[in-house]
1. Among the residues that make up region 77-93, is at least one of them in contact with an Asp or Glu (Cβ under 7 Å, 6 or more places away or on another chain) and not polar (S, T, N, Q)?
2. Taking the stated definitions as given, is Thr55 of a type outside the set (A, V, I, L, M), under 44 Å from the mean Cα position of the chain (by Cα) and either in the same structural domain as Lys13 (by TED's automatic domain parsing) or more than 17 Å from Ser12 (Cα to Cα) (or both)?
3. Whether any residue in region 78-93 is out of contact with any Lys or Arg (no Cβ under 6 Å at 6 or more places or on another chain), assigned to a helix (DSSP H, G or I), under 30 Å from Ile154 (Cβ atoms) and of a type in the set (Val, Ile, Thr) is what I want to check.
4. On the given criteria, is Val138 surrounded by 11 or more Cβ atoms within 10 Å (Cβ to Cβ) and at pLDDT 90 or above?
5. Just checking, how many residues over region 1-33 are assigned to a loop (DSSP other than H, G, I, E, B) and loosely packed, with under 15 Cβ neighbours inside 10 Å?
6. For region 8-36, which residues satisfy the criterion of being closer than 16 Å to Glu54 by Cα, free of Cβ contacts under 8 Å to residues at least 40 places away in the same chain and touching a helix residue (DSSP H, G or I) at 6+ places or on another chain (Cβ under 7 Å)?
7. Do you know which of the residues in region 97-135 that are small (Gly, Ala, Ser) and exposed (fewer than 10 other Cβ atoms within 10 Å of the Cβ) is modelled with the highest pLDDT?
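The values are calculated or read from the model by the stated rules, or taken from the named source; none is laboratory data. As the structure is a computational prediction, the values presented were derived from the model and not from experiment. Cβ atoms come from the backbone with ideal geometry, glycine included; neighbour counts cover every protein chain shown.
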Amino acid sequence: MLNENIKAIRKSKGLSQQELAIKLNVVRQTVSKWEQGLSVPDSDMLISISEVFETPVSTLLGETVIETEVDNLKTISEKLEVINLQLAQRKTTRRKILHWLFISLSVVIAAIFVTLVVLISPYLGWDYSNPETAVVRVAFHAFEWLFVRLAPIILIGSIIGIFLTRKKK
């Protein structure tokens, strides 16, 4: 019973006979003899074994210990599955956020274009002779100038982004 418990606990701790022997300052053959039941460790060695295994001596001497796998393949695969699901959810969330961001950007650009058309903005025909409105008109003209040049590029990019981030079936 002691030999089976030493072997089962050693394997559950992921130790080879050589590693256990090094920790106990004995040769590997000694550990092998213990596990085969050909010899028995003395009381001091039992205490050392229990300290290495972090197990009470009574467990070593008591009932048979059920051997557990060090790397339980099922547990690892379950953890990997959870991680993969979390990564997939993050990817889906990011895709949705980007998709709606591109749609919002397109709507805002289109709304500004419509506003400029409705206001019948004389894009290059501003009259700056009135000093009371000249500063506001210059600022508006700068916005308009920048918008007319950049908005089409941004709009095309956001439309492409909408198609690239749409939900695939």
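1. Scanning region 77-93 turns up no residue that is in contact with an Asp or Glu (Cβ under 7 Å, 6 or more places away or on another chain) and not polar (S, T, N, Q).
2. Here the answer is yes, as Thr55 does meet what is asked.
3. yes
4. It is false that Val138 is surrounded by 11 or more Cβ atoms within 10 Å (Cβ to Cβ) and at pLDDT 90 or above.
5. 5
6. Residues satisfying the conditions are Leu20, Ala21, Lys23, Leu24.
7. Ser129
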